[in-house]
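One structure is given below, encoded as structure tokens.
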Number of protein chains: 2
Amino acid sequence: MSDMRFQLLETAAALYAERGYEAVSMRDIAKVVGVTQANLYYHFKDKADLIQATLAHVFELRGLSLQGWIAEHPGDQLDAFVRWFVTTLMTDRVFARLLYRELIDGDGERIAMLSRTVLQLPFQVITDAVANGRSAQDAKMVAISYVGFVVGQVLILPLSPGLTGQDDGSENADAVATRLLGLMRSANVEA
Amino acid sequence: MSDMRFQLLETAAALYAERGYEAVSMRDIAKVVGVTQANLYYHFKDKADLIQATLAHVFELRGLSLQGWIAEHPGDQLDAFVRWFVTTLMTDRVFARLLYRELIDGDGERIAMLSRTVLQLPFQVITDAVANGRSAQDAKMVAISYVGFVVGQVLILPLSPGLTGQDDGSENADAVATRLLGLMRSANVEA
DNA sequence: GTCTATATGCGGATAGAC
DNA sequence: GTCTATCCGCATATAGAC
């Protein structure tokens, strides 16, 4: 991939994640990269094309990151996945926000792309991890629930200060992951 | 509240929920209601004011709905809340989408409003329900986790077909709520 | 590949008549 | 309260020079 295209995708990803697709103009992206707005139309057909390319770019990279992580932690796969997912969602702001935006606004096509690129592997990992004694169908339900737990847990973090009255916005990824894993295991044993 | 103001708020809520704030123009809303675009500026100072008023309108109404529901189900409060929340998120598209948008894009002020109007009560209900034997701090953590479980579970529903390979997009609210409650109880007993 | 220049339309917002 | 008319800036997108 050309360097300019890469720069445009990275910049677009950061801006889209922060403000949303509609709120970011082709001019905004061009200005940050330091080229003219017209130049973007040499690299991308139109704005929809840029958005689609940006999502593919980000999700494929993160999918690879997860793949590497899983391979490096052959022991407890469920543990490895949950820690990777929580940590990534809490520290990789671009990925996290684009993922949430897609879950809300993505059409069938884009949701399918998201499933393929980042979620297929963790889904398989969890399904295998919880399989013992369960039907294949049940294992799938549990797996998808777990993905939901992580996604939901990180999404509501900003509510914490307002509800608990204390400012624990600083809760770290390891603590959240450990809490979730404890819950999953306790639910798992009695299933 | 005047009838016109009410109509504008309801229409704005539906359009904002569906497409997002930036993607909806004052003209779009005016057209649906059947007035001119300039008329909106008699009722609202500017677009930001309309958005803020729309969110307050929707969240206050839903907060009242929850309040009524909780009062009518004095038995198992946790059960009542989870069923209300899951059902509402799965059937009230306007509320659900505005809530998710706020969790992503809301600033401190709007998140605080959301906490006050809809989340304060359920948070209290859960905290009380899980309190026995726990420190107040732990109970709060558990309560906020539960809110996250519900939020996450509903958010990932569109992923279900792509991941499980089967089209269970038709999973109903009761089934989801029952599954979540089972998990919460099994985690609760061993805490 | 990247630029300048421009067509064309939509957006928020206001003034002032009724 | 609601309308018509209008200002003005910004957005996407294209044409064509370099």
Q. Can you give the average number of partner chain beta-carbon atoms within 10 Å of each beta-carbon in peptide A:135-145, as a whole number?
A. 3
Q. How large is the charge dipole for segment B:56-191, taken about the Cα centre, if only the Cβ atoms of Lys, Arg (+1) and Asp, Glu (-1) carry charge, to the nearest 20 debye?
A. 160
Q) Near the axis that takes chain B to chain A, which B residue has its beta carbon closest, and at how many Å? A) B:G152, 1
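Taking each full run of DSSP H in chain B as one helix, which ones are at least 15 Å long along their axis (Cα atoms) and have mean Kyte-Doolittle hydropathy of at least 0.5?
The qualifying helices are B:77-91, B:136-155, B:173-189.
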**Q.** Cα centroid of segment A:117-132 to Cα centroid of segment B:48-90, whole Å
**A.** 34
Q.
Can I get the semi-axes of segment A:123-191's equivalent ellipsoid? Compute them from the C-alpha gyration tensor as square roots of 5 times the eigenvalues, in angstrom, largest first.
A. 29, 11, 10
Q: Calculate, in nm to one decimal, what B:D174 and B:S186 gain on full extension: separation in residues at 0.36 nm each, minus their alpha carbon distance.
A: 2.5 nm
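With +1 assigned to the C-beta of every Lys and Arg and -1 to the C-beta of every Asp and Glu, and no other charges, what is the dipole magnitude of the protein assembly as shown about the Cα centre in debye, to the nearest 20?
Numbers: 34 positive and 46 negative charges, 109 e Å.
Roughly 520 debye, rounded to the nearest 20.
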Q. Could you list, bin by bin from short to long, the percent of Cα-Cα pairs of segment A:25-128 in 5 Å steps?
A. 2, 11, 19, 20, 16, 13, 8, 5, 4, 1, 0
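Evaluate 2.2 N^0.38 Å with N set to the residue count of the protein assembly as shown, then give the Cα radius of gyration divided by it.
Ratio of Rg to 2.2 N^0.38 Å for the protein assembly as shown: 1.03.
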Q. When each pair of different Cα atoms in chain A is counted once in the 1/r mean, what is the Kirkwood radius in angstroms, to one decimal?
A. 18.2
Q) For chain A, what relative contact order do you get, as a whole percent, if you take Cα pairs closer than 8 Å and at least 6 residues apart? A) 21
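Readers should treat all values here as calculations from the given coordinates under stated rules, not as data from a laboratory. Since the model is a prediction, treat every value here as computed from it, not as a measurement. Note that we place each Cβ from the backbone using ideal geometry, even for glycine, and neighbour counts take in every protein chain shown.
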